[in-house]
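Following: one structure in structure tokens, then a few remarks.
Here, each number is a calculation from the coordinates, and none is a lab measurement. Values in this document were obtained by computation on a predicted structure and should not be read as measured data. Cβ placement follows ideal geometry from the backbone for every residue including glycine, while neighbour counts extend to all protein chains displayed.
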Amino acid sequence: MPTNKVSLEDLLRVVEMCRTVEVRGVNPFEVDVKASLVKLKKLLPNWRLLDELLLDVEAINGISSIIKLQSDWIKHRSSSLYIDPLFVELKIRLLDSKTMSEAFLDAWHPIVEINQVFPQRLKKAIDYWNCLLPLSERWKEDFTPGSTVGPLEVDDLIKLRVLSMKDFDGRMKKLLKELTSKLIAKDKIDYWDFIYADTFEETLERAYLVSFILTEGFATLINDPLEERTFIVPLRETRESSAKKRSISLPIAFDYEHWKRIGEERG
Amino acid sequence: MEEDWGGERLSEREVEIDRRLKRASQLLFFQRHRRPGIRGWELKKILGKDFMDIIGLLNSELDRLNLQVKVVFEEGNIRDKPSEEQLDRARFFVTIKNPLTASDLMASGWRIDDLAALAASIALITSRQGRAPRSDIEQILREKFPKWRVDINLDRFIRIGYLSKDEHDMLYIGWRSRAEIDQKTLMELLLAK
């Protein structure tokens with residue numbers, strides 16, 4: 001038992017040494033990798049508990065990090081950037097601020113960037129400001145007793161009379177019918193080809209309705225990373241079995257400029 | 001007839017290149033995200049697969065204005081021709097081409113002391129393989145600057161991206177330094193002084 005305790009201390013020492021070299025940035029060649037590996041190999045038959053084995057794995061991991069550091073060290077030393085750190089420290093201690101900043105100026109190429117508010121964005125901001133109710137009135141509406149903060153669902157929009165259930169259902173079914181008939185003719189349809197309409201508003205509405213069609217499991221989206229295209233494909237599994245699988249959300253950014261570009265591409 | 005038709009096509013091509021050049025300059029100059037610059041894959045998506053040709057053209061136009069397109073690769077300096085994947089992951093910036101003058105420095109709003117502290121930090125980190133404990137840098141800087149100034153400066157360098165740090169308080173060369181500072185020149189100049 002005491003032997004095992006001593007062995008465990010040896011193992012901990014290897015782990016700690018690797019960690020110190022990694023964190024302190026000292027010369028990784030201070031670690032004798034070969035001797036450490038021989039030691040670990042010799043100690044391995046002593047380990048019985050899971051914690052001991054895990055510590056052994058950690059030591060191996062630490063040694064592999066040291067080997068990587070040694071490789072980086074050699075690469076750096078052989079590169080044109082290598083200068084003895086002690087010599088650099090000495091130079092920095094000897095130079096005054098003016099000389100240092102002069103040297104820096106000759107090696108400095110600052111990034112050039114423009115921060116500007118465009119007239120269109122400014123107009124949107126003014127419109128927003130004009131429509132914004134005073135805080136006292138907004139608080140009255142937003143924080144009435146019992147109200148909770150959260151995103152608006154379709155039900156909320158129906159309650160607010162922005163949308164009617166009949167209308168929404170009808171539009172979704174119509175679009176689903178269109179999608180189904182197109183998917184019968186083709187295996188897959190380009191997402192943008194399908195949602196694109198003559199006006200931006202109509203395109204936006206189609207994109208919104210398609211998101212519900214996809215969420216309901218009537219179809220799904222696939223991405224072609226090589227062509228950077230997104231396709232709508234029919235869902236071949238039942239809704240129940242597909243629901244058991246892990247689903248992911250796919251955000252699709254879309255604005256007026258994008259819509260215009262699609263229109264131009266389509267001629 | 002054919003020549004006319006050919007001439008018209010060439011002009012259309014020129015118009016197209018001009019449009020893409022303008023788009024490229026907009027993408028590179030106007031800050032779109034929190035960090036300046038734009039990734040290669042974004043440029044490819046917007047300008048097309050031959051985006052590097054457009055960047056090359058833009059670079060020659062910018063040269064007249066003492067500006068350049070700087071490509072910073074995730075892998076650090078690349079000696080050979082970069083691969084498509086490396087270009088996709090790289091970040092593209094517009095930087096000033098020739099070094100600034102002392103009067104430019106006055107206008108930039110940087111104090112000489114702060115620039116000297118930045119130069120010292122970068123030189124020390126570079127000499128130690130691109131990483132050094134913050135305490136070591138602080139110790140050297142405190143020989144010339146008061147503690148409060150060293151703390152403020154190091155925090156500021158980290159915030160604006162000249163340096164980065166990890167959970168062990170180890171300092172590294174930051175993304176902005178890799179875009180703006182010619183480390184080799186800096187080291188050579190410091191040692192030559």
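Descriptive notes on the structure:
- Computed over chain B, the per-residue total of -39500 (n - 2.57) for DSSP H runs of n ≥ 4 gives a 222 nm mean residue ellipticity of -18500 deg cm²/dmol, rounded to 500.
- Charge context of A:Ala197, other residues only, Cβ under 10 angstrom, K/R +1, D/E -1: -3
- Computed 3J(HN,Hα) for the range B:179-193, one whole-Hz value per residue from the Karplus formula 6.51 cos²θ - 1.76 cosθ + 1.60 where θ = phi - 60°, is 7, 9, 10, 7, 4, 5, 4, 4, 5, 4, 5, 4, 6, 7, 6, glycine and proline marked x.
- In order along the range B:63-76, the Karplus-derived 3J(HN,Hα) couplings, from 6.51 cos²θ - 1.76 cosθ + 1.60 at θ = phi - 60°, round to 3, 5, 9, 6, 10, 8, 8, 9, 9, 10, 8, 4, 7, x Hz, and Gly and Pro are given as x.
- Each label point was placed 7 Å from the Cα along the Cα-to-Cβ direction; for A:Ser249 and A:Phe212 their separation is 1.8 nm.
- Descending by average beta-carbon neighbour count within 10 Å, the peptides A:175-184, B:19-28 line up as B:19-28, A:175-184, the highest first.
- Residues whose amide H falls under 5 Å from that of B:Val94, counting only those 5 or more places apart or on a different chain, are A:Val112, B:Lys70, with hydrogens built in the peptide plane.
- Per-residue average of Cβ from other chains inside 10 Å of B:173-186: 3
- Fully extended contour minus Cα-Cα distance, from B:Glu74 to B:Ser103, at 0.36 nm per residue: 7.1 nm
- FRET efficiency for the pair A:Lys124 and B:Leu65, taken as 1/(1 + (r/R0)^6) with r the Cβ-Cβ distance and R0 = 35 Å, rounds to 0.65.
- Cα-based Lys pair tally, the range A:2-78, threshold under 19 Å, eight or more apart or on separate chains: 5
- Straight-distance candidates among the lysines for linking to B:Lys45, with alpha-carbon spacing under 23 Å and chain neighbours fewer than 8 residues away dropped: A:Lys188, A:Lys260, B:Lys22, B:Lys70, B:Lys81.
- Distant-in-sequence amide H partners of B:Phe30 (H built 1.01 Å from N, under 5 Å): A:Ile114
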